[in-house]
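**Student:** Below is one structure. I have some questions about it.
The values are calculated or read from the model by the stated rules, or taken from the named source; none is laboratory data. The structure displayed is predicted, hence computed values, not measured ones. Neighbour counts run over all protein chains shown; Cβ positions are idealised from the backbone, glycine included. Note: accessible area is taken over every heavy atom of the protein model, side chains too, but ligands, DNA and RNA are not part of it. Shrake-Rupley method; radii C 1.70, N 1.55, O 1.52, S 1.80 Å.
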Amino acid sequence: MAAIYKREVRAFFHSFIGWLYLAATLLLMGIYFTYFVMLYGESSIAYALQGSIFLFQFAIPILTMRSLAEDRKLKTDQLILTAPVSVGKIVFGKYLALLTVYAVPAFVMGIVPLVLSFFGDFQMGVSYTALLGFFLYGAFALAAGLFISSLTESPVIAAVLTFIVLFLGYLMTGICSMISQTGNLLTRMLSFFDMAGRFDAMTEGSLYVPSVVYYVSLALFFLFCTTQSIQKRRYSVSGRGIGISAYRAGILILTALLTVVVNVLADRLPESVRSLDVTSNKLYTLTEETKAYLSELSEDIHIYVMVNEEYKDANLDKTLRRMEALSEHIAVTYVDPLVNPQFYSNYAETEPGSNSLIVVGPNRSRVVEYYEIYGYEYYSYYEYQITGYDGEGQIVSALEYVTTDAMPRLYVVSGHDELELEAQFRQAIQKKNIECLPLLLLSEESVPEDAQAVIINAPLNDYSDDDVDKIIDYLEKGGNAVIIPAWTDAELPNFQRILDYYGISLLNGVILEGNPDYYYGQIPYLLFPKVDYDEMTENISDSIVFAPYAQGLIYDDAAQDIFYVPLLETSEASYNKSYDQKELETETDFRKKEGDTEGPFVIAVRAEKTVGGNRISKGVIVAAELFFTEDADSIVPGNNIKAFGGIAGGLTEQESTILIPMKSYSARMTFSTRSAAIVGLLSVVIIPVFLLLTGFAIWFRRRKA
């Protein structure tokens, strides 16, 4: 076998074909790598490999067409057929030689993640899993091409047939879609020959075991078929072919059935084994909080996925199957809208989008729209980038919603030029199953009785006496409030009355940090405050939050009727300057000076005031007006939103505080235009041209000899 392997490898690199293959493959890989990684900033090589896979349809037939067909045409196969070497070793030696040539560009591509890991958070697991899929896909295609080459003595016919087989496998997803949009027995049978779809499953952040089994089992099957094809001719040469044809046919049928059975069993593996999450931040792995919640779930819940199962979202399906495996009370069913067009009308007024979920529980149902499953960053109306995956968080939220008896309500006060509570913060409340409603005090006689809390978000205009009376009357009845004062030069005496209710006043000016570990960049008033442990900050106790333009809170910690718990504090090196906004914008020297008040300062506090009877009014005062904004949260992605969710959950006294944040994709990498140009020139021009010239020189020298 070793002699055959060496002979075949030398044959590839002593001819022009091997060098042409290397040049063409590395050229195409270089183009896609330059575009997706160097220019577009993808943090894995998965997309580059997906683009390169199209080359299979042309490169594999060229590599395999001469392996056995030419030996048969030139009659040199007679030496092999009569040699004292097992047919299996002959086939395996030739196959290993093909695999060696194919592995060279894959090896080159495998070096890339190691190099790029020095430049940022490169997705190593995703990259190498995609590379494994690329290699296995090629290994299977080579085995198929080798088998076809054994059936004919014409290399051209072998190449054409191999191309047809691989190209049909590449297009099989589209072919099935053309046959039936809803799926039928024929499309299910044809989907077994979907070769490229199984590779795609290996590029999405999971080591997909059925794909590995598919490529390995079919490669072994085609190698076995190749052995049988040569064995048939070998017996014909030796005159022993009579009587074994039926036996050989039976063995081939049994082997084919075994291959199918192995793949069916692989497809039916438990989701925890079938798909292994290889993303750096475990995008598709359920958190411990979710696992604990599912283990305690006692009510039956049905999740309907509104799409034909053949067109399901693979990532969402993994999450659903893992949840289904962890709880016997969860059942997942795919509903094809083309077959059941009115199914949604039992649960929603408007038809949900494709791949949306309808979660049905004992008390109510909820529709989780597909667009809520992912996070997006929009560049324009038509251009956007997917930035995160929120399948687990949205589903857990829906599960809690459909099993909860009552929904707490939180009202956002408006009418005084308050900051708008932005979408991501509203979504955080919704994920905690808290209804968020507007409250215009001017049009209401009082704060609604069903309000668990009100939010007063940085008003720039003062409240009327009547508005303040409504708020204080609500608090006197045991109501709760989140109060974010605005940093403004305007006098707001009535708004101060609301703060006075909790014994709170604001230190004049803005806080600056003297410790560089507690502020952002070189700007000391953009604070990273310390998070004090409390039931409301438990979910961010090990995290960093961002509090720009913060003010100090003043209160009497020894007050008899109010209990205070600091939530956010500055360091001992902080100090307060009595700047107004115009002074801060023009100031360049932020050093501590004589007369500046020294820290530490409390910039967020929980106040509990005993009111009539045993009732308690809870107030959370956060003296950083931009704290609950998406711009501030983007500096510490998700942490300010988690802080808001913890506060809202604490004030509404929910029994469950589970909130699974959106899992962010790795940030895109950034390379200079010069770096991209150099890499592009090297990978697209210099290396392919060098390989072509080398191959041509070797071929020409041997031709002259």
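**Student:** Report the one residue of T673, I540, V115 whose Cα lies farthest in the direction of the positive end of the charge dipole of the chain (charges on C-beta: Lys and Arg +1, Asp and Glu -1; origin at the Cα centre).
**Tutor:** Of the listed residues, the answer is V115.
**Student:** Round to the nearest 0.05 the FRET efficiency obtained for L151 and E296 when R0 = 60 Å and r is the Cβ-Cβ distance.
**Tutor:** Numbers: r = 60 Å, r/R0 = 1.00.
Step by step, r from the Cβ atoms, then E = 0.50.
**Student:** If you take every residue apart from Y474 with its C-beta less than 14 Å away from the C-beta of Y474, what net charge results, scoring Lys and Arg +1 and Asp and Glu -1?
**Tutor:** Numbers: positive: R409, K470, K477, R497, K609, R615, K618; negative: E444, E445, E449, D450, D466, D467, D469, D473, E476.
Net local charge, Y474 excluded: -2.
**Student:** Suppose R0 equals 45 Å. What FRET efficiency, 1/(1 + (r/R0)^6) with r the Cβ-Cβ distance, do F119 and W699 give to the nearest 0.05? Please report the intermediate quantities before stating the final value.
**Tutor:** Values: r = 39 Å, r/R0 = 0.86.
E(calc), rounded to 0.05, equals 0.70.
**Student:** With the contact rule set at Cα under 8 Å and sequence spacing of 6 or more, what percent relative contact order holds for the chain? Walk me through the numbers on the way to the answer.
**Tutor:** Details: 1220 pairs, mean separation 98.5, N = 705.
Reported relative contact order: 14 percent.
**Student:** Give the accessible area for Y501 in Å² (nearest 10); use a 1.4 Å probe, count only protein heavy atoms, and leave out ligands, DNA and RNA.
**Tutor:** The value for Y501 is about 20 Å².
**Student:** Charges on Cβ only, +1 for Lys and Arg, -1 for Asp and Glu, centred on the Cα centroid of the chain; of A158, G478, V685, which one is farthest towards the dipole's positive end?
**Tutor:** A158
**Student:** Right, something else. Could you order F192, F627 so the one with the most accessible surface comes first? Probe is 1.4 Å. Please list the in-between numbers first.
**Tutor:** Numbers: F192 45, F627 5 Å².
From most exposed to least exposed: F192, F627.
**Student:** Something else now. Determine the order of R702, R274 by accessible area, beginning with the largest, at a probe radius of 1.4 Å. Don't skip to the answer; put the middle values down first.
**Tutor:** On the way: R702 130, R274 35 Å².
Highest to lowest solvent-accessible surface, that is R702, R274.
**Student:** Checking understanding here: applying a Kyte-Doolittle mean of at least -0.5 and a length along the axis of at least 15 Å (C-alpha), which whole DSSP H helices in the chain pass?
**Tutor:** Counting only whole DSSP H runs, the qualifying helices are 2-14, 16-33, 87-116, 124-149, 155-179, 209-238, 245-267, 391-403, 639-652, 687-704.
**Student:** Ignoring ligands and nucleic acids, what accessible area does K291 show with a 1.4 Å probe (Å², nearest 10)?
**Tutor:** Its accessible surface works out to 80 Å², give or take rounding.
**Student:** Send over a whole-number figure in Å² for the accessible area per residue of the range 518-592, probe 1.4 Å.
**Tutor:** Numbers: 4090 Å² over 75 residues.
Solvent-accessible surface per residue comes out at 55 Å².
**Student:** Shifting gears a bit: Could you tell me which of rounded, prolate or oblate describes the range 405-556, using a ≥ b ≥ c as the square roots of the eigenvalues of the alpha-carbon gyration tensor, with rounded for a/c under 1.5 and, failing that, prolate when a/b is larger than b/c and oblate otherwise? Don't skip to the end; give the middle numbers.
**Tutor:** Numbers: a/c = 1.94, a/b = 1.33, b/c = 1.47.
It is oblate, given that a/c is not under 1.5 and a/b is not larger than b/c.
**Student:** Shifting gears a bit: Could you rank the peptides 513-524, 143-154 by their average count of other C-beta atoms within 10 Å per residue, with the highest value first? Present the calculation step by step, with values, prior to reporting the outcome.
**Tutor:** On the way: 513-524: 15.9, 143-154: 23.7.
Peptide ranking by packing, descending: 143-154, 513-524.
**Student:** Next up: When the helix-only estimate is applied to the chain (DSSP H runs of n ≥ 4, each -39,500 (n - 2.57), divided by the residue count), what is the mean residue ellipticity at 222 nm, nearest 500 deg cm²/dmol?
**Tutor:** Details: 25 runs with 325 residues, N = 705.
That calculation yields -14500 deg cm²/dmol at 222 nm.
**Student:** Order the following by accessible area, largest value first: F690, F92. Probe radius 1.4 Å; ligands, DNA and RNA are ignored.
**Tutor:** Numbers: F690 130, F92 90 Å².
My answer, sorted largest first, is F690, F92.
**Student:** Continuing with the same structure: State the answer as a single residue: which of A559, L223, P408 lies farthest towards the positive end of the charge dipole of the chain, with beta carbon charges of +1 for Lys and Arg and -1 for Asp and Glu, about the Cα centre.
**Tutor:** Going by the charge dipole, the pick is L223.
**Student:** Could you state the number of Å between the C-alpha centres of the range 424-439 and the range 494-513?
**Tutor:** Computed from Cα coordinates, the inter-centre distance equals 26 Å.
**Student:** Give me the Debye-computed log₁₀ of I(q)/I(0) at q = 0.09, 0.12 Å⁻¹ for the chain, equal point scatterers on Cα only, no solvent, two decimals.
**Tutor:** For the chain, the Cα-only Debye profile gives -0.91, -1.29.
**Student:** Arranged from highest to lowest average of other beta-carbon atoms within 10 Å per residue, in what order do the peptides 49-56, 19-26 appear?
**Tutor:** Working: 49-56: 20.2, 19-26: 21.9.
Put in order of decreasing packing, that is 19-26, 49-56.
**Student:** Something else about it: What FRET efficiency comes out for the pair Y40/T255, r = Cβ-Cβ distance, R0 = 35 Å, nearest 0.05? Could the numbers behind the result be given before it?
**Tutor:** Details: r = 44 Å, r/R0 = 1.26.
Rounded to the nearest 0.05, the efficiency is 0.20.
**Student:** If a/c stays under 1.5 just call it rounded; otherwise compare a/b with b/c (prolate if a/b is bigger, oblate if not). Do that for the range 420-503, with a ≥ b ≥ c from the square roots of the Cα gyration tensor eigenvalues. Numbers along the way, then the final one.
**Tutor:** Values: a/c = 1.84, a/b = 1.28, b/c = 1.44.
Here the range 420-503 falls in the oblate category.
**Student:** For the chain, which whole percent of the accessible surface, found with a 1.4 angstrom probe, sits on carbon and sulfur atoms? If you can, show how the numbers build up before the last one.
**Tutor:** Values: 19440 of 33340 Å².
Exposed carbon and sulfur together represent 58 percent of the surface.
**Student:** With +1 on each Lys and Arg Cβ and -1 on each Asp and Glu Cβ, how big is the dipole of the chain about its Cα centre, in debye rounded to the nearest 20? Write out the running numbers ahead of the final one.
**Tutor:** On the way: 51 positive and 81 negative charges, 1697 e Å.
With only Lys, Arg, Asp and Glu charged at Cβ, the dipole is about 8160 debye.
**Student:** Sorted by packing (mean other beta-carbon atoms within 10 Å per residue), highest first, where do 581-589, 465-473, 599-607 land?
**Tutor:** Values: 581-589: 9.3, 465-473: 16.9, 599-607: 23.3.
Averaged packing, sorted descending, gives the order 599-607, 465-473, 581-589.
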